[in-house]
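The values are calculated or read from the model by the stated rules, or taken from the named source; none is laboratory data. Note that the structure is predicted; figures quoted are calculated from it, not measured. In this analysis, Cβ positions are derived from the backbone assuming ideal geometry, glycine residues included, and neighbour counts consider all displayed protein chains. Areas reflect the complete protein model, heavy atoms only, side chains present, ligands, DNA and RNA absent. Shrake-Rupley method; radii C 1.70, N 1.55, O 1.52, S 1.80 Å.
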Amino acid sequence: MAWDRNQMAARAAQELQDGWYVNLGIGIPTLVSNYIPDGMDVTLQSENGMLGMGAFPIDGEEDADLINAGKQTITELERTSYFDSAMSFGMIRGGKIAMAILGAMEVAENGDLANWMIPGKLVKGMGGAMDLVAGVGRVVVVMDHTSKHGDSKVLKECTLPLTGKAVVDRIITNLGVMDVVEGGLKIVECAEGVTEEELRAATEATLI
Amino acid sequence: MKKIYGSAAEALDGVLKDGMLIAAGGFGLCGIPELLLSAIRDAGTKDLTFASNNAGVDDFGIGILLQTKQVKKMISSYVGENKEFMRQYLGGELELEFNPQGTLAERMRAGGAGIPGFYTKTGVGTVIAEGKEHKDFDGETYILERGIVADLAIVKAWKADDTGNLVFRKTARNFNPPAAMCGKICIAEVEEIVPRGSLGGDAIHLPGIYVHRIIQGEHEKRIEQRTVRTA
């Protein structure tokens, strides 16, 4: 047994703190917004130029002028503010965003992150990922622990081109939670039904 | 001086030149200068370089200029939605310079603000940093990125007055203000031209000093990813 996508998102939501401004990446990180604890004041940033991102619109109320960074139609909240891309990345680069929760293809034990390109395959671009990992206060990665072929994605060194060097603080996978510390990764907890032995067996990185 | 023109073609008359660098506003298909892009296609201007976060889709946005092979090079952060782009890029017909999204926005802002270069942490230790000057400040390493000054900026706003003061709507603002700022000439297309004074000086998003020509027109405003919840 291991966590499914929603359980990983729910676990990632425990990283949120009251009053924080947070950026959620595409994929599992987007699901984190479903698990923000009641009464906790968290403002979601969309890097195309919005603070205070709301839910998807109900059918018929889509607005072409109101999308998130994944180009999906969304809604606004009472607290919402809009701004241009230069200011948006000014607040990212300037460390005003407390945390980014992002997906990944590979993470290394020193916090290196690869999530934007696979050589030889179609290159789509890094979008805002390099700016986010370089600028925000805390970077949490949420991803499957292993590839479809069973290879570890938690590595000693990334094999793919990097999005950022030594930028990841915490890794949440379907098998558990690990922190990037001096000398390797420290196991914070194992997913429900996963033993430490199973987590270690699925991990190439140094676990201390 | 009159800034309002009757059509996109009239506003572009005498401005377009083969090989020019154009900064375009928009994020995905949101807030893109769709009327000006159509007019550039009709004008047939060639060998264009676009500084634009995205390259549109096959039949909308900058994609329509890829179909006609009018684009030589893109400076973008994400081009994943365009098959014709990929075909031309993999075939060696199109140059591509990837910029991190915030670096691209700041390059435009800086270029418009008279700042020829700036240091940023973004991309340090990645392929983006290769060949760029590195410098340490307070124990952290940064790379030098250059400001962009474009021959022409094309942007889309919601409302303008006749002096070129612009107001954008929701997330359609995105790259439009920094793109406008970095253009030697900026042409804005808007949904509505309103009387001078009616926007309110405190509510202006981009002052008219950055906007040289204005056109008004009907916009398709296509949605790229229609996503809804069940009520």
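Structure data summary
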| item | result |
| --- | --- |
| For B:Ile215, net neighbour charge (Lys/Arg +1, Asp/Glu -1) across residues whose Cβ lies under 9 Å away | -1 |
| Cα-based radius of gyration of the range A:104-155 once divided by 2.2 N^0.38 Å, which approximates compact folds | 1.21 |
| Only Lys, Arg (+1) and Asp, Glu (-1) charged, at Cβ; the protein assembly as shown dipole about Cα centre in debye | 1100 |
| Near-label residues of the range B:81-116 by backbone N, under 13 Å of a point 7 Å along Cα→Cβ of B:Lys73 | B:94-99 |
| Restricting the range A:107-187 to GluC sites (Glu not before Pro) in coil, as DSSP defines it, with at most 13 other Cβ within 10 Å | A:Glu157, A:Glu182 |
| Reduced Cα scattering model of chain A, Debye log10 I(q)/I(0), q = 0.08, 0.19 Å⁻¹ | -0.27, -1.40 |
| Degrees between helix B:101-112 axis and first principal axis of chain B (Cα, 0 to 90, nearest 10) | 60 |
| Pairs of Cα atoms farther than 27 Å apart, chain B, % | 34 |
| GluC sites (Glu not before Pro) within the range B:128-198, DSSP loop, no more than 10 other Cβ atoms inside 10 Å | B:Glu130 |
| Most fluctuating residue given options B:Leu166, B:Leu12, B:Leu104, as computed from a GNM of chain B linking Cα atoms under 10 Å | B:Leu12 |
| Inter-site label distance for B:Asp42 and A:Glu189 at 7 Å from Cα along Cβ, in nm | 6.2 |
| For the range B:41-72 versus the range A:67-92, the gap between their alpha-carbon centres in whole angstrom | 26 |
| Convex hull (Cα only) mean projected area of the range A:1-89, reported in nm² to one decimal | 6.7 |
| For B:Thr120, net neighbour charge (Lys/Arg +1, Asp/Glu -1) across residues whose Cβ lies under 9 Å away | -1 |
| Peptide ranges A:173-180, B:77-84, A:75-82 listed from the most packed, as the mean C-beta count within 10 angstrom indicates | A:173-180, B:77-84, A:75-82 |
| Of all DSSP beta bridges in the protein assembly as shown, antiparallel share, percent nearest 5 | 40 |
| Max mean-square fluctuation residue, GNM over chain B, Cα-Cα springs under 10 Å, options B:Ala157, B:Ala43, B:Ala105 | B:Ala43 |
| Partner chain coverage, peptide A:66-75 - average Cβ within 10 angstrom | 6 |
| Members of the range A:76-97 that become less accessible by 10 Å² or more once partner protein chains are added (1.4 angstrom probe, chain alone as reference) | A:Glu76, A:Tyr82, A:Phe83, A:Asp84, A:Ser85, A:Ala86, A:Phe89, A:Arg93 |
| Cα centroid separation - the range B:195-231 against the range B:153-171, whole Å | 5 |
| Accessible-area ranking of B:Arg222, B:Arg107, B:Arg146, largest first, probe 1.4 Å | B:Arg146, B:Arg222, B:Arg107 |
| For the pair B and A, total buried accessible area rounded to nearest 100 Å², probe 1.4 Å | 4000 |
| For the protein assembly as shown, projected area of the alpha-carbon convex hull averaged over all directions, nm² | 22.1 |
| Fraction of accessible area attributable to carbon and sulfur, the range A:1-150 (%, probe 1.4 Å) | 49 |
| Alpha-carbon radius of gyration plus Dmax, which is the widest Cα pair, for the range A:166-208 in Å | 9.8, 30 |
| Cα-Cα over 32 Å, subset of A:Lys71/B:Lys159; A:Lys96/B:Lys17; B:Lys17/B:Lys156; B:Lys2/B:Lys221; B:Lys132/B:Lys170; A:Lys121/B:Lys121 | A:Lys96/B:Lys17; B:Lys132/B:Lys170 |
| Chain A: relative contact order in percent, alpha carbon pairs under 8 Å with at least 6 residues between | 20 |
| Estimated Rh, the range B:117-180: Kirkwood, alpha-carbon pairs, angstrom | 14.6 |
| Translational diffusion of the range B:36-145, µm² s⁻¹ [Kirkwood Rh, Cα pairs; Stokes-Einstein; 20 °C; 1.002 mPa s] | 140 |
| Candidates A:Ile58, A:Ile97, A:Ile28: whichever shows maximal mean-square fluctuation once chain A is modelled as a Gaussian network with Cα springs under 10 Å | A:Ile58 |
| Length-normalised contact order of chain B in % [C-alpha pairs under 8 Å, at least 6 apart] | 24 |
| For chain A, calculated [θ]222 nm from helices alone, where every DSSP H run of n ≥ 4 adds -39500 (n - 2.57) | -4000 deg cm²/dmol |
| Residue-averaged beta-carbon neighbours from other chains (10 angstrom radius) around A:43-56 | 3 |
| Helix-only CD estimate at 222 nm, as mean residue ellipticity for chain B, using -39500 (n - 2.57) per DSSP H run (n ≥ 4) | -5000 deg cm²/dmol |
| Heavy-atom accessible area, 1.4 Å probe, ligands and nucleic acids excluded: residues of the range B:27-51 down by at least 30 Å² from chain alone | B:Phe27, B:Cys30 |
| Residues of chain B: accessible area per residue with a 1.4 Å probe, Å² | 42 |
